[in-house]
1. If you scan region 3-54, which residues turn out to be in a loop (DSSP other than H, G, I, E, B) and among the hydrophobic types (A, V, I, L, M, F, W, C)?
2. Residue pairs, Cβ under 9 Å, 6 or more apart or interchain, first in region 46-65 and closer than 17 Å to ILE28 by Cα, second at pLDDT below 90. List them.
3. Out of curiosity, is THR9 of a type in the set (Ser, Thr, Tyr) and under 19 Å from the mean Cα position of the chain (by Cα)?
4. Given the criteria touching a Ser or Thr at 6+ places or on another chain (Cβ under 8 Å) and either surrounded by fewer than 10 Cβ atoms within 10 Å (Cβ to Cβ) or modelled with pLDDT of 60 or more (or both), does ASN6 qualify?
Amino acid sequence: MDALSNDVTASSRYAGFYKCIQSSGAAITWRVNAVGTSYMTELIICFALLIASLPGALFLTMRIEDHSDEPTSEYDMHKVDGKHEIIS
């Protein structure tokens, strides 16, 4: 998830959004299972959600770069002894 941004604030928002979607999916799955839905219907729901999520996954994979060496606006990054050091 950190490949999307060097900014800590943006990365934490991405992580929060991911956890929100994950928790919502778990709650919906629990409820679908609690009302006695057949296993075939649950399987169809899972595959429908998988197919619906593919465009978003494709969008994100096209957006992620192999690397990012740009310093953020708040900090300068310097390379010291082969390691990146952040100097504020």
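The values are calculated or read from the model by the stated rules, or taken from the named source; none is laboratory data. Bear in mind the structure is a predicted one, so any value in this text is a computation, not a measurement. Reconstructed Cβ throughout: ideal geometry from the backbone, glycine too, with neighbour counts over all protein chains shown.
1. Correct list: VAL35 only.
2. Sorted first by the residue in region 46-65, then by its partner, the pairs are CYS46/THR29; LEU49/GLY25.
3. Considered against the rule, which asks whether it is of a type in the set (Ser, Thr, Tyr) and under 19 Å from the mean Cα position of the chain (by Cα), THR9 comes out as yes.
4. Here the answer is yes, as ASN6 does meet what is asked.
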